[in-house]
Amino acid sequence: MQNLDREIEDLLFRKEFYLLKNKLLNIDPKKKNYIFYNILGYAYQELGELEKAELSYLKSLGLNNNFLEAKFNLAVLFYKKKFPNKAEKLFIDYIDQDKNNYLCYFNLGIINFEKKDYLKAIDFFKKTVDLKKDFYYGYHQLGLAYEKENNIEEAIKFYQIANKINKDNLNISYNNLGVIFLKSKKLKEALDYFKTALNFKGQKELIYQNIAIIYSELGEADNSIYYMKKAVEENKSDLKIFSRFIGTFPYTNYKFNDYEFWSKQFSNNIIRLKQQNEIIDFKKKKIHLGFFSADFRNHPVGYFLLDLLPYFKKSNFDIFFYSHSPVDDDLSEKIKNNFSNWKKVYGNNTLEIINIIKNDK
């Protein structure tokens, strides 16, 4: 068994999970203890066989309910399977037995962050970095949670700490700092952070896009389209970036052939949603008419719309507004006050928005 243990350790170390699974399944049944089922569960999990992984972890805990490694692994599995409440309960059970596992606090922070309970997430992330003072992701997530709470001073502080202990040379905290300064129109500081971010590892398409936005704000259209093109070349599947890139062409001395080429590239990357055609009932008293925009605010679209609102009130339509903007302002409030059917769909994906609109008929 000792030689077998060494072989299992070696397969784990080399991440040979298929070989590991087969080796474990051929072990003498008398030797299948709670440690065995935990390792088998981990092999299944890494191979994407999540149901079998769950059963193995449960068998491990059935044989030893105090085995923390299986409890942690099962919690992570539940999170992967999108059962955050089950995962949260197991992480809390783990902490009741051992209060020194920083990853448990970190995962609890992530779960609460995704629930948008940012203050609770902040508490967990702080416990994380108290236990693991050189944990980059803990400080980065603290910055992100404080940013969501609009506590920009604290967000900047923790992003900067993350960058100081950035052993893996990641770019995301530099990018987020750039975004903070971009939002506050401090363009030089923002540009410095974005250009610094390019020297580190991680996705670069968002950084290129943010640099392009700054040059657009500065009225430097050629620089803007140069960086937007680099963003698209970095990741052609990000259609938001692709759309922005195509939208910059009219502001430059572009060649139509270039525009046509990139437009076709954009079209080829669009995922076609399979939707059933439905017959709309126009026999109801009022036709439902929807407006979809990110510009129901202090923007030319918003002002033009204000002049039309009185006519809508007198019309035979029920008016619906679907706002795809992250912010509302005084003009947004005027529209809301005139019409009850206001829905904020910022953050929803395309299919979710389609279904919201369909449900409103």
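Please get the size of the charge dipole for region 175-304, origin at its Cα centre, with Cβ charges of +1 on Lys and Arg and -1 on Asp and Glu, quoted in debye to the nearest 20.
It comes to approximately 540 debye.
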Electrostatic dipole magnitude of region 1-141 [Cβ: Lys, Arg +1; Asp, Glu -1; Cα centre; debye, to 20] | 240 debye
Any idea how far the Cα center of region 125-197 sits from the one of region 37-72, in Å?
-> 35 Å
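So what is the accessible area of region 43-147 per residue, in Å², with the probe set to 1.4 Å? If you can, show how the numbers build up before the last one.
Numbers: 5200 Å² over 105 residues.
Accessible area per residue: 50 Å².
If DNA, RNA and ligands are ignored and the probe is 1.4 Å, what is the ranking of Thr248, Thr128, Thr350, Thr196 by accessible area, most exposed first?
Working: Thr248 25, Thr128 0, Thr350 90, Thr196 50 Å².
So, going from the largest accessible area down, we get Thr350, Thr196, Thr248, Thr128.
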Roughly how many debye, to the nearest 20, is the charge dipole of the chain about its Cα centre, given +1 on each Lys and Arg Cβ, -1 on each Asp and Glu Cβ, and no other charges?
-> 800 debye
Heavy-atom accessible area of Phe312, protein chains in place, probe 1.4 angstrom, given in Å² to nearest 10, is 30 Å²
On the accessible surface of region 124-238, probed at 1.4 Å, how many percent belong to carbon and sulfur atoms?
-> 47 percent
Using a 1.4 angstrom probe with every protein chain in place, what is the largest-first accessible-area order of Ile165, Ile207?
-> Ile165, Ile207
Mind checking the log10 I(q)/I(0) for region 1-117 at q = 0.11, 0.12 Å⁻¹? Debye, one equal scatterer per Cα, no solvent, two decimals.
-> -0.38, -0.45
Does region 56-113 come out rounded, prolate or oblate by the C-alpha gyration tensor, with a ≥ b ≥ c the root eigenvalues, rounded set by a/c under 1.5 and, if not, prolate when a/b is larger than b/c and oblate if not?
-> oblate
Accessible area, 1.4 Å probe, largest first: how do Ser293, Ser184 sort?
-> Ser184, Ser293
Just order 94-104, 21-31, 141-151 by mean Cβ neighbour count inside 10 Å, highest at the front, would you?
-> 141-151, 94-104, 21-31
Pop out the ³J(HN,Hα) list for region 133-145 in order, Karplus 6.51 cos²θ - 1.76 cosθ + 1.60 with θ = phi - 60°, rounded to Hz; leave Gly and Pro as x.
-> 6, 10, 8, 3, 5, x, 5, 4, 5, 4, x, 5, 5
With every protein chain present, what accessible area does Asp222 have (1.4 Å probe, heavy atoms only), rounded to the nearest 10 Å²?
-> 110 Å²
Val301: accessible area at probe 1.4 Å, nearest 10 Å²?
-> 60 Å²
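The values are calculated or read from the model by the stated rules, or taken from the named source; none is laboratory data. Worth saying up front: this structure is predicted, and the values here are computed from it rather than measured. So basically every Cβ, Gly included, is an ideal-geometry build from the backbone, and we count neighbours across all protein chains shown. Please note that ligands, DNA and RNA were not included when accessible areas were found on the heavy atoms of the full protein model with its side chains. Shrake-Rupley method; radii C 1.70, N 1.55, O 1.52, S 1.80 Å.
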